[in-house]
Every structure is written in structure tokens, then in C-alpha cells.
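Step one of this worksheet: look at the structure below.
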Amino acid sequence: MLYGHNFWRREGGRLAATPLLVALVVIETTDLVFALDSVPAVLAVTRNPFIVYSSNVMAMLGLRSLYFVLSDVLDRLRYLRHGLALVLVFTGTKMLATEWVHISAGVSVLVIAVVLLSTIAMSALVGNRMPQQT
């Protein structure tokens, strides 16, 4: 049974958790698992402990919020999904080829920015809305 916005309630003189607290714990645990999942990717880029820790803290803090923003924007920008796929392919290729080819951080940011900005521009020029699926 739900008890409004309360995480805890008094039941028979003792404190009891509500289902809302359980849901919050599950959601935050999921955020933590996804943040820890990115540790190997960060270690492929750098061995600097400050960057590894801070990037994972930022992932825990912003991952869910970014997901909802991205979910909303994907419906509005037709080609953004393709741009994000290209960014993931570029990032994966860079990680796999890091022993043979060095791509600087500046070049990586430039490639990602160009891909994302061009897909946003194409979406704006061609038409924003995704066709309705039947």
C-alpha cells in the first residue's frame, strides 16, 4: 500500500519503510551499477584516479536525468539517433585502436560535436518529427 510521499511511516509504534523507499533504493542501485559499468571504459582512456572517480560520480548524478532529456529529444529530432550511433561507433573504434592510433581528446570532442551538430541541423532542415509507427 502506498503512503503518499513518505519513505517511512509509523506502524504499531515502530518505523516501517514504504514501497516508495524500496523503489528509490532500486533506482539508485541501478544508477550505481551503470556508473560502475563505465569504469573499464574510463580506465581505457586514463589511469588518473581523479578523472576515474570524478567521471563515475558525475555518471551517478546525471545519468538518469540525461536519459530522460535524451528520450524526449529523440522523438523531436529525426536524425539524432543516427548521430548517437555514429558517436558510439567512433568511441568504440577509438578505444579498440588506442594501441595503434592516437586520437587526441580535442579531436575526439571535435568529431563528436560535428556529428551531433550536423544531425541536429539535418533534423531541423528536413523536419523534426519522427514518422508515427503503426
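The values are calculated or read from the model by the stated rules, or taken from the named source; none is laboratory data. No experiment lies behind these values; they were computed from the predicted model shown. Because the Cβ atoms are built from the backbone with ideal geometry, glycine has one as well, and the counts that use them run over all protein chains shown. Surface areas here come from the heavy atoms of the whole protein model, side chains and all, with no ligands, DNA or RNA. Shrake-Rupley method; radii C 1.70, N 1.55, O 1.52, S 1.80 Å.
Relative to the current alpha-carbon distance between ALA17 and ASP75, full extension at 0.36 nm per residue lengthens the span by 17.2 nm.
With charges only on Cβ, +1 for K and R and -1 for D and E, what is the dipole size of the chain about its Cα centre, in debye, rounded to 20? Mind showing how you got there, number by number?
Working: 10 positive and 7 negative charges, 47 e Å.
Using only the charged Cβ atoms, the result is roughly 220 debye.
Taking the C-alpha atoms only, the angle from helix 19-37 to the longest principal axis of the chain is near 30 degrees. Net length available on complete extension from VAL101 to THR29 is 22.3 nm, with 0.36 nm assigned per residue and the Cα-Cα distance removed. P(r) tail for the chain: Cα pairs beyond 20 Å make up 65% of the total.
Give the relative contact order (percent, whole number) for the chain; include only Cα pairs under 8 Å separated by 6+ residues. Show your work: numbers first, answer last.
Values: 83 pairs, mean separation 27.5, N = 134.
Reported as a whole number, the value is 21 percent.
Once the 1.4 Å probe is applied to the protein heavy atoms, the chain comes out at 77 Å² accessible per residue. Report the rotationally averaged projected area of the stretch 15-80 based on its alpha-carbon convex hull, in square nanometres. Taking a quarter of the hull surface, the average projection is 6.7 nm².
Residues whose amide H falls under 5 Å from that of PHE7, counting only those 5 or more places apart or on a different chain, are absent, with hydrogens built in the peptide plane. Counting only alpha carbon atoms, the long axis of helix 105-126 and the longest principal axis of the chain meet at about 90°.
Heavy-atom surface analysis with a 1.4 Å probe gives the chain a carbon and sulfur content of 70 percent of its accessible area.
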